[in-house]
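Note sheet for the following structure.
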Amino acid sequence: MAPRGSKKGSSDPTQNQTLVLDNGAYTLKAGLISSSSQILPTYEDCRVAPNCIARSSREKRVYIASELEKCNDFGEMAFRRPVEKGFIVHWEAEEAIWEHEFLNAKTGLRCDPKETNLLLTEKPNCPAVLQKNCDEMVFEQFGFSNYYRCIGPTLNAYHPPTPSSLSSLPQECLLIIDTSYSDTTILPVYSGQILHSAVRRLSIGGKLLTNYLKELSSLRHYNMMEETHLLNEIKEAVSFVAHSTQAFSKDLDRTWKGRIGDKRELDPSIVVDYVLPDYEHTSRGYARPHDPVKAMMRRGLQPMQGPREDILPLGNERFAVPELLFNPTDIGIQEAGLPECVMQSLSALPEALKASMLRNIMVVGGNSLIPGFMERLESELRAVTPSEYTLNITRADDPIKHTWLGAARFASNPDMLKSVLVSKAEYDEKGSTWLGKRFATRAANDPLEL
């Protein structure tokens, strides 16, 4: 029996406001969605913030999440990221980030958890103990009114198949390639449900690519093992994917300096000089055409008067780093490349679904923005796809926010949202074990077995 004085709507605990949170390893994508609004969410409704706590050894200051936007000196900055391999493992740090972004924020995404639903995404195959920790934090520490935890990439199915479509139902067949910071995952989705038996994971992601570039640069030029932020900026600015394996070999030859006593001229169309920021006058570097004379200069040889530059020459690093997505064995990782992983995933599906999936491949994640990535992926997939199948592969308009937008469109439908939410009262009554089984049961409903 409801207590006296309770509000009329207390029988329906679902709140009108939902915090949609795509809690990625590199950034968190978040936005507040109203289920009563007649306007569908867009990319502009999503706010992206670094999902980390950073400590500057130079400024002796700690930055939390979006505070990094105010930082001008990223030199030797130490980062603590609460998400590893796609899973939240450091809740002390994640709690501080959520409190800063959602509870203590003066503007933007500030909300009262007691009056807000939470839709939280996660990676597939998350360990049950980490899921339990997450559920307990959501209800016991933050006290959200209602909560739903689900595999994020599956929500891409709730994007309309055509811009003019008004259907709120998920797309029937969709193959998601999610190439993100932690790894690259291939996920077949059927009517909004993931086909777990066909999920494949490649351990190459943006983090590994950045670390590999750090190692190459430190071995060949400067010690940059502590400059994670800077090397990530360089990777995003100058990397590209070779059009094919043959083109990769040719580019290697064009960027080879030659042996001692037999120096060769480098190809200026590939080799660039990256001018490093000094964090005094400039906070961000830039690339320019390669100049052999300036590239040979070191700080001690530069004039005392006038501008002084530190230059990082980049040749085969530009394309050898992202090549790992297609050939992980280049650095001894005994895994199949991305095109092979896609075909392995499809081989676990019935023939009818395989054809439908190939006609509707969606690529999301930040690594897909590397120039040449989509062209290389499509060409290699076409080479291994049987001629009787139609191949249609597209990249999302905004591959970083696309999963969030699918989740937001799901949350904007009050009937669908209400059917999956669990209230805090239910959690208090039945406990975290019941909640874990509730979410696991929904996620484990394999349409191929129904």
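The values are calculated or read from the model by the stated rules, or taken from the named source; none is laboratory data. Source: prediction; values computed, not measured. Here the Cβ positions follow ideal geometry from the backbone for every residue, glycine too, while neighbour counts run over all protein chains shown. Calculation scope for accessible area: heavy atoms of the full protein, side chains included, ligands and nucleic acids excluded. Shrake-Rupley method; radii C 1.70, N 1.55, O 1.52, S 1.80 Å.
Using every pair of distinct Cα positions in the range 84-145, the Kirkwood expression returns a hydrodynamic radius of 12.5 angstrom.
Need one number for the range 149-292: average projected area of the convex hull over its C-alpha atoms, nm².
Averaging across all directions leaves 14.2 nm² for the Cα convex hull.
Stokes-Einstein diffusion coefficient for the range 351-450 at 10 °C in a medium of 1.306 mPa s, Rh from the Kirkwood formula over Cα pairs: what value in µm²/s?
Calculated translational D: 93 µm²/s.
When Phe319, Phe74 are compared by accessible area at a 1.4 angstrom probe, the order from most to least is Phe74, Phe319.
Here Ser191 and Glu67 are evaluated by their C-beta separation; at R0 = 45 Å the FRET efficiency comes out at 0.60.
Based on the Cα coordinates of the range 12-136, what is the per residue volume of their convex hull in Å³?
Per residue, the Cα convex hull of the range 12-136 comes to 133 Å³.
Remark: accessible surface ordering of Ile177, Ile39 (largest first) is Ile39, Ile177, probe radius 1.4 Å. The structure-derived value of volume of the Cα convex hull per residue in Å³ appears in the list (i) 171; (ii) 201; (iii) 142 under the label (i). Highest GNM mean-square fluctuation, the chain, Cα pairs closer than 10 Å: which of Gln131, Gln334, Gln15? Result for the chain, Cα springs under 10 Å: Gln334 fluctuates most.
The label-point distance for Arg58 and Leu219, in a model that sets each label 7 Å from Cα toward Cβ, rounds to 2.8 nm.
Per residue, how much accessible area does the chain show when a 1.4 Å probe rolls over the protein heavy atoms, in square angstrom?
49 Å²
Against the main long axis of the alpha-carbon atoms of the chain, helix 424-443 sits at an angle near 60°. Rounded to the nearest 500, the helix-only mean residue ellipticity at 222 nm of the chain stands at -8500 deg cm²/dmol, with each DSSP H run of n ≥ 4 adding -39,500 (n - 2.57). GNM on the chain, C-alpha springs below 10 Å: top fluctuator among Ala242, Ala411, Ala383? Looking only at Ala242, Ala411, Ala383, the biggest GNM fluctuation is shown by Ala383. Scalar couplings 3J(HN,Hα) for the range 69-74, obtained by applying the Karplus form with A = 6.51, B = -1.76, C = 1.60 to θ = phi - 60°, are 5, 8, 7, 10, 10, 9 Hz; x denotes Gly and Pro.
Solvent-accessible area of Asp428, all protein chains in place: 100 Å² (probe radius 1.4 Å, heavy atoms, ligands and nucleic acids excluded). The three principal axes of the C-alpha atoms in the range 338-408 carry coordinate ranges of 33, 28, 18 Å, sorted with the longest axis first.
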